[in-house]
Amino acid sequence: DGGITQSPKYLFRKEGQNVTLSCEQNLNHDAMYWYRQDPGQGLRLIYYSQIVNDFQKGDIAEGYSVSREKKESFPLTVTSAQKNPTAFYLCASRRVGAGELFFGEGSRLTVL
Amino acid sequence: GQQVMQIPQYQHVQEGEDFTTYCNSSTTLSNIQWYKQRPGGHPVFLIQLVKSGEVKKQKRLTFQFGEAKKNSSLHITATQTTDVGTYFCAGHSGNTPLVFGKGTRLSVIA
């Protein structure tokens, strides 16, 4: 089955630790995205990548980093500089030229 | 930058009542998309509207795109408990990434 896999589904970390969230897709999509979802805030764009080895900041990139070394993978690192990292993180992908976003099931990060 | 406003934030309806959520953009959109997120789930694409004044139907759901391509609505006729979730609109303007509204959370009371 084609789709997007995010891991882990749930993650607990201590304040000050960096955390990397995995996102893998086998849809052969060129574009990949990371969104953050907080209650009542909708989806806010963190980073996106339209091609391998290239990525752009979204609206709330501060305290996050990404890489895009392979077409199918777009990991997100939540660094210790992110002041309020507890949130639900969603990865998505899209075929360039098409509109529809396909989402993974999300990773819920709790920082204690 | 581009902003997409969505109202209402919450809506509680009795099963069988109709429901409408509205979306307004600060800029003219190339297209608008709608997504549904069930409680505890992830957003799932419903539809994309591209043309000015476009109306599309999916069973009990009716989607409209405004003539000026700055607003849109989703109307559900005779809601069912399976309609529960949060409905998001998201707009494209030029080559910018999708901008999502904050969503309307629908509760259906049986």
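We did not get these values from a lab; they are worked out from the coordinates using the rules stated. All figures in this text were calculated on a predicted structure; none of them were measured in a lab. Using ideal geometry, Cβ is built from the backbone for each residue, glycine included, and neighbour counts are taken over all protein chains shown.
Quick notes
- P(r) for the protein assembly as shown, from all Cα pairs and a bin width of 10 Å, is 8, 33, 35, 20, 5, 0 %, short bins first.
- The mean count of C-beta atoms from other chains within 10 Å of the C-beta of residues in A:41-50, rounded to a whole number, is 4.
- Neighbour counts of C-beta atoms inside 10 Å place B:Glu15, B:Glu54, A:Glu100, A:Glu15 in the sequence A:Glu15, B:Glu15, A:Glu100, B:Glu54, starting with the fewest.
- When region B:1-109 is reduced to its Cα atoms, the Kirkwood hydrodynamic radius in Å: 13.8
- Rel. contact order, % - alpha carbon contacts under 8 angstrom, at least six apart, chain A: 35
- Lysine pairs meeting the criterion (Cα under 20 Å, 8 or more apart or interchain), as found in chain B: 12
- q = 0.17, 0.21, 0.26, 0.30 Å⁻¹, region B:17-58: log10 I(q)/I(0) [Debye, one scatterer per Cα]: -0.62, -0.90, -1.15, -1.23
- In this structure, the amide hydrogen of B:Gly66, modeled 1.01 Å from its nitrogen in the peptide plane, lies closer than 5 angstrom to those of B:Gly53, B:Asn71, B:Ser72, counting only residues at least 5 positions away or on a different chain.
- Placing dummy labels 7 Å off each Cα toward the beta-carbon, the span from A:Ser80 to A:Thr20 is 1.8 nm.
- Once C-alpha pairs closer than 8 Å and six or more residues apart are averaged by separation and normalised to the residue number of region B:16-110, the relative contact order reads 34 percent.
- FRET efficiency for the pair B:Tyr10 and A:Ser67, taken as 1/(1 + (r/R0)^6) with r the Cβ-Cβ distance and R0 = 41 Å, rounds to 0.60.
- Reach of A:Lys57 by Cα under 12 Å, taken over aspartates and glutamates that are not fewer than 8 positions away in the same chain: none
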